[in-house]
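To start, the structure under review is shown below, and the notes come after it.
Throughout, read-outs are computed from the coordinates displayed, never taken from laboratory work. Keep in mind the model is a prediction, meaning the values are calculated, not measured. Glycine gets a Cβ as well: all are built from the backbone with ideal geometry, and neighbour counts include every protein chain shown.
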Amino acid sequence: MMSGNQGGQVGNKEGSGGGGCGRNCLSKCCLLHGGAKLPLYSFSKSAKGSGLSSERKKPHSLFLDRLLKVWEDRRLRGLFHHDITACETKILPGEHGFIVVLVEGRDLKKRPTEFGLDEVLQHFDGRKFNFTKIGQEEVLFRFEESGNDEAQYLEHAPVMASACPNVIAINVSPIAYGHVLLIPRILDCMPQRIDRESFLLAMRMAREAHNPYFRVGYNSLGAFATINHLHFQAYCLTESFPVEKAPTQMITTLGSGVKISQLLHYPVRGLVFEGGSSLEDLSDVISSACIFLQDTNCPYNVLISDSGKQIFLFPQCYAEKRAQGKVSQEILEKQVNPAIWELGGHFALKRRQDYVEASEGSLCSFLEMVSLSEERFTEMKGYILEALASVAVKDIMERAERD
């Protein structure tokens, strides 16, 4: 996700307002003090008009229509490192139907990871690359709650001096059409860690798209997030992800109505969350599980699917095995890092040979290496359920005290 405006390069000054540092960046100097005007999409906090249908259909929401239109404009302007529309893609034969895309040399253009992979929680370091250093031309629009409970889009909206905007920007190294980044409260410079408010924002983004083919993903540090600045990824892929087709086994239903299941007959062990009386209920449960994992230094990935109605949580251990020398040189040479898209079954391969030779068996073996063992997963699952029960009791007590 290397930005074209990194390293002090001068960005496109179009619409910069003439102030700031001259790079037209997303730091306070240009965003707040440079007279910046960025497009604004305001979403309704309620589910009204969001159309939470799971029917497979083409995008038609105001949000997704606008996102794809502006993303296409950035593609035509040449802001991406490669043209994803020209990349070869295929579905592999087999039980899972893994999806592979050939993006030759993608890792050569991505910014190298600038932090250790052995700690899930690390402090934000402003000296290293972060999203305040990208150019405003890479921004599609701000994503904020509507003041009148109606979704709307404004092409030119001044950024107020007191603002700390949520930003949707292009991923300059896309692996699918419409590949974007959601950066919550960008000027707060939060490290890559889940909190309840930010995860709910990602859930609302998924709901606002009103399309099951638009997924939102999250990678923790140690699970192949490449930048330690809080962000989610999202894109459109008009195929079902293999993990979305995998069978599940019910574990429990929480008091909030959220159902927790586990994946069956899938090479990566994971939990599936659905239901609840509201989007907020479901979001609170998953964010609590994520917070537990990151507080216990367990790397993980999250996939928000089906307009925010089905969420997959994957604890993983690939970085740990790699550090222990348990990953073969053959696998390392393929340069496939198991982030959320790979765990879901969508693989970006960088070498034509690997693309030609890809098979369901080889990808299953790779994902099995990423997964926690059955014993370790069962133990972790128990800890997560205990943590969720503890959080539920605490929330009940706090509500009782307020009442």
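Some points to look at:
- Reported to the nearest whole Å, the Cα centre-to-centre distance from the stretch 119-135 to the stretch 307-322 is 22.
- Loop-located GluC sites (Glu not before Pro) in the stretch 144-179 (DSSP state other than H, G, I, E, B) with a sparse environment of at most 15 neighbouring Cβ atoms within 10 Å: E150.
- Beta bridges per DSSP with both ends in the stretch 6-402, % antiparallel, nearest 5: 85
- Summary value for the stretch 238-334: 19 percent relative contact order, contacts being C-alpha pairs under 8 angstrom separated by 6+ residues.
- Cα→Cβ-extended label distance, 7 Å offset, between S146 and D73, nm: 2.1
- Annotation: the residues M205, M160, sorted from fewest to most other C-beta atoms within 10 Å of their own C-beta, follow the order M160, M205.
- Distance-filtered residues of the stretch 211-249 - backbone nitrogen under 18 Å, label point 7 angstrom along R185 Cα→Cβ: 228-232
- Spin-label model distance (nm) - E386 vs S365, 7 Å beyond Cα toward Cβ: 3.7
- V356-T85 FRET efficiency (beta carbon distance; Förster radius 22 Å; 0.05 resolution): 0.60
- Cleavage-rule hits, trypsin sites (Lys or Arg not before Pro), the stretch 257-338, DSSP coil, Cβ neighbours within 10 Å at most 13: K326
- All Cα-Cα distances of the stretch 6-402, cut into 10 Å bins from zero to the largest, leave 5, 23, 34, 27, 11, 2, 0 percent in each bin in turn.
- E375-K245 pseudo-label distance in nm [points 7 Å out on the Cα-to-Cβ vector]: 3.4
- Percent RCO, i.e. relative contact order, over the stretch 6-402, from Cα pairs under 8 Å lying at least 6 residues apart: 19
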